[in-house]
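The values are calculated or read from the model by the stated rules, or taken from the named source; none is laboratory data. The model shown is predicted, which means the values in this text are computed figures rather than measured ones. Every residue, glycine as well, gets a Cβ built from its backbone with ideal geometry; the counts of neighbours run over all protein chains shown. Please note that ligands, DNA and RNA were not included when accessible areas were found on the heavy atoms of the full protein model with its side chains. Shrake-Rupley method; radii C 1.70, N 1.55, O 1.52, S 1.80 Å.
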Amino acid sequence: MENYLVIGEITKPQGVRGEIKLRPITCDVERFDGLTLAYLKRGEEYVPLRLTVNRRAADAVFLSIEGVTDRNAAEKLRGELLYIDRAHAVPLDEDTNFLCDLIGLRGVDDEGGEWGTLRDVLQPGGNDVYVFQGPRGEVLVPALKSVVKKVDLASGEMVLAAARMREVAVFDED
């Protein structure tokens, strides 16, 4: 389980005083309200940053980072991912997981069928789509309660409803 979670990507400088524009990578942009500490990854280390959230829009958060005082310094951060430590993550509702915790789970169905390993989670709008790679090739599975019966992070398994899988799974034809 990852100790740090991505919450956004720095997209560009905003103005000439070092403010940056961040594209949120989170379901809850309100999680930025009151945020004062985040991290940048440098090799295998996470470097703490003191920051101030100046304002947020529907698709962006504008913030200032301590020590970044001009456009050139802000430009050097373009494309960087911003992280928080798990201890300061927004609490999740029951039956909700961070996507990074799902990647790598083994997909099995309630009739003993193997679906492979969860390799990706697509977010096309509406509901998420799980991408499993396994004995049947690449399989796309809608993230619906009627399909996903149980997520067991401790055992590393996602249990799927076999009957629903026959109806909704999309197989890669390659």
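Overview of values
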| read-out | value |
| --- | --- |
| GLU75 vs. criteria under 20 Å from GLY15 (Cα atoms), open to solvent by 40 Å² or more (accessible area, probe 1.4 Å) and touching a Pro at 6+ places or on another chain (Cβ under 7 Å) | yes |
| Long-range neighbours under 6 Å by Cβ, at least six apart or interchain, first residue at negative phi and of a type outside the set (A, V, I, L, M) within the range 152-168, second part of a loop (DSSP other than H, G, I, E, B) and open to solvent by 30 Å² or more (accessible area, probe 1.4 Å) | ARG164/SER146 |
| Flag if ASP33 is open to solvent by 60 Å² or more (accessible area, probe 1.4 Å) and farther than 21 Å from LEU92 by Cβ | no |
| Members of the range 114-131 found to be in a strand (DSSP E or B) and within 21 Å of ASP152 (Cβ to Cβ), listed by number | GLU114, TRP115, GLY116, THR117, LEU118, ARG119, ASP120, VAL121, VAL129, TYR130, VAL131 |
| Within the range 43-61, considering residues that are modelled with pLDDT of 95 or more and under 19 Å from the mean Cα position of the chain (by Cα), the one most open to solvent (accessible area, probe 1.4 Å) | TYR46 |
| Residue under evaluation GLU111, criteria (1) open to solvent by 60 Å² or more (accessible area, probe 1.4 Å); (2) touching a residue at least 12 places away in the same chain (Cβ under 8 Å); (3) part of a strand (DSSP E or B), criterion not met | (3) |
| Boolean, LEU35 is closer than 14 Å to ARG78 by Cα and more than 17 Å from the chain's Cα centre (by Cα) | no |
| Candidates ASP109, ASP95, ASP70, filtered to the one that is closer than 24 Å to GLU9 by Cα and either modelled with pLDDT of 90 or more or acidic (Asp, Glu) (or both) | ASP70 |
| Residue within the range 93-104 that is surrounded by fewer than 13 Cβ atoms within 10 Å (Cβ to Cβ), of a type in the set (A, V, I, L, M) and touching a residue at least 24 places away in the same chain (Cβ under 8 Å) present | no |
| Filter result (out of contact with any Lys or Arg (no Cβ under 7 Å at 6 or more places or on another chain) and surrounded by 13 or more Cβ atoms within 10 Å (Cβ to Cβ)) within the range 133-143 | GLY134, ARG136, GLU138, VAL139, LEU140, VAL141, PRO142, ALA143 |
| Residue within the range 6-25 that is touching a residue at least 60 places away in the same chain (Cβ under 8 Å), out of contact with any Gly (no Cβ under 7 Å at 6 or more places or on another chain) and in a loop (DSSP other than H, G, I, E, B) present | yes |
